[in-house]
Amino acid sequence: MSLCSGTVYIFNYQSQSTIKSFEVSDLPVRLAMWECRRRSPAQNLPEPHPRLTTIEALVCRKLGDPTQPISDGDAEKAIIVEKNHPILELGSPTSVRVKVKATSLNYTNYLQILGKYQEKLPLPFIPGSDYFGTVDAVRLAVSKFKFDDLVCSVAALGSFTQFIVADQEELFGVPEMCDLVAAGALPFAFGTSHVALVHRANLSSSQVLLVLGTAGGVGLAAIQIGKVVGAIVIAVVRGAEKVKYLKQLGVDHVVDLSSENVILSVKDFLKSRKLKGVDVLYDPIGGKLTKEAMKVMSWGANILVIGFASGEVQTSCCYALSPLCVRRRRVGIKDLMREKAL
Ligand SMILES: NC(=O)c1ccc[n+]([C@@H]2O[C@H](COP(=O)([O-])OP(=O)(O)OC[C@H]3O[C@@H](n4cnc5c(N)ncnc54)[C@H](OP(=O)(O)O)[C@@H]3O)[C@@H](O)[C@H]2O)c1
């Protein structure tokens, strides 16, 4: 038996044909699945069969500006909506197919379509990284999830579609009381910041953390993780409204780039707290701001190179300009997946 969109299919796997199909409401579908699992030992569960063979997906066919209106098939556009994209088959015995309910739009997705991301992707590809959804189908050896479970995850690519396939180890169960849309935007930003701050920099409670670009996805996650770790957190942001918001989150010091000199403001704060300098710099911005931040770092500080939202990719000469001994650590999406950060 397999199911899709509220339809139960009685399927003959030998002849690969449907014996019978009928529409049922959600509850009987769940009961039918449960009954099927209860009766069969896990290893004898039938292979799920994707009755849905095509899905809708946002596809990047050529690199270009994704801010242009999305097209339904115009070959000139960077991204198109494919109405009949083949559905991904379940692969390994522990693979799970997820029906995507919410997916987030990250700066990285924009850079990937533009062709400016550090890893060049073979065309065509479906963009999209983190998502929330419900389990739609599982393979034989899946033990952690069952049909209709709420899950979220982050993928290197592929969430801007109706269904995505992941290994059970890559998925996280989402409690029902969670804000489900937020769950679809949490893994990438928080995962990146967690790998960077906790795995790479070993941020500790006595240290000073300076976060650039704190109004953005990864920056906002970084200051929250910094506060949970117990570090003294300094945030750099543009605009009074954002300053107010960050103060509400308990950030120890906020620098408003639109009205303050970053070096003077940070130095004054450090002096007022009798602190020597910044121990960890979290940098998703690059360019001039990075060069400025180098002037308030401690000896042996960690610099976390997260991204270049300013558009200026930092070269190593910027770090060489610093009179300090610093450790520069790059963080990428592959680290996030490899190190099981969440
Ligand atoms: N390494 C990884 O695994 C990883 C993961 C995720 C993201 N990233 C990278 O991190 C960067 C940020 O991503 P995001 O998702 O946080 O982007 P985002 O949500 O768009 O935020 C970008 C932030 O950068 C600020 N900004 C842009 N240009 C600036 C400048 N010249 N000076 C000061 N601030 C500036 C913006 O400030 P305003 O709010 O004032 O406009 C905004 O708050 C991107 O380069 C992305 O590729 C890397």
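The values are calculated or read from the model by the stated rules, or taken from the named source; none is laboratory data. The model shown is predicted, which means the values in this text are computed figures rather than measured ones. Reconstructed Cβ throughout: ideal geometry from the backbone, glycine too, with neighbour counts over all protein chains shown.
Just to check your reading of the model, which residue among Tyr131, Tyr110 is in contact (Cβ under 8 Å) with a residue 24 or more places away in the chain and either out of contact with any strand residue (DSSP E or B) (no Cβ under 9 Å at 6 or more places or on another chain) or more than 23 Å from Leu186 (Cα to Cα) (or both)? Break it down into steps so the answer makes sense when it comes.
On the way: Tyr131 fails: either out of contact with any strand residue (DSSP E or B) (no Cβ under 9 Å at 6 or more places or on another chain) or more than 23 Å from Leu186 (Cα to Cα) (or both).
Tyr110 is the lone residue from the list that is in contact (Cβ under 8 Å) with a residue 24 or more places away in the chain and either out of contact with any strand residue (DSSP E or B) (no Cβ under 9 Å at 6 or more places or on another chain) or more than 23 Å from Leu186 (Cα to Cα) (or both).
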Point to revise | Which numbered condition Val151 fails, given (1) more than 16 Å from the ligand (Cβ to nearest atom); (2) not in a strand (DSSP E or B) | key: (2)
Exercise for review: Residues being touching a Leu at 6+ places or on another chain (Cβ under 9 Å), more than 10 Å from the ligand (Cβ to nearest atom) and of a type in the set (D, E, K, R): count how many of those fall in the stretch 254-294.
Suggested key: 3
Review point. All but one of (1) farther than 14 Å from Leu157 by Cα; (2) within 16 Å of the ligand (Cβ to nearest atom); (3) modelled with pLDDT of 95 or more hold for Val135; which doesn't?
Key: (2)
Point to revise | Candidates Leu90, Leu58, filtered to the one that is on the phi < 0 side of the Ramachandran plot and not in a strand (DSSP E or B) | key: Leu90
Review point. Which numbered condition trips up Val305, out of (1) more than 28 Å from Leu114 (Cα to Cα); (2) at pLDDT below 95?
Key: (1)
Exercise for review: Give me a count of the residues in the stretch 212-233 that are under 24 Å from the mean Cα position of the chain (by Cα), more than 11 Å from the ligand (Cβ to nearest atom) and not small (Gly, Ala, Ser).
Suggested key: 7
Check your understanding: Is there a residue being away from the ligand (no atom under 16 Å from the Cβ), part of a loop (DSSP other than H, G, I, E, B) and either surrounded by 15 or more Cβ atoms within 10 Å (Cβ to Cβ) or not assigned by TED's automatic domain parsing to the domain that holds Val331 (or both) anywhere in the stretch 101-121?
Key -> no
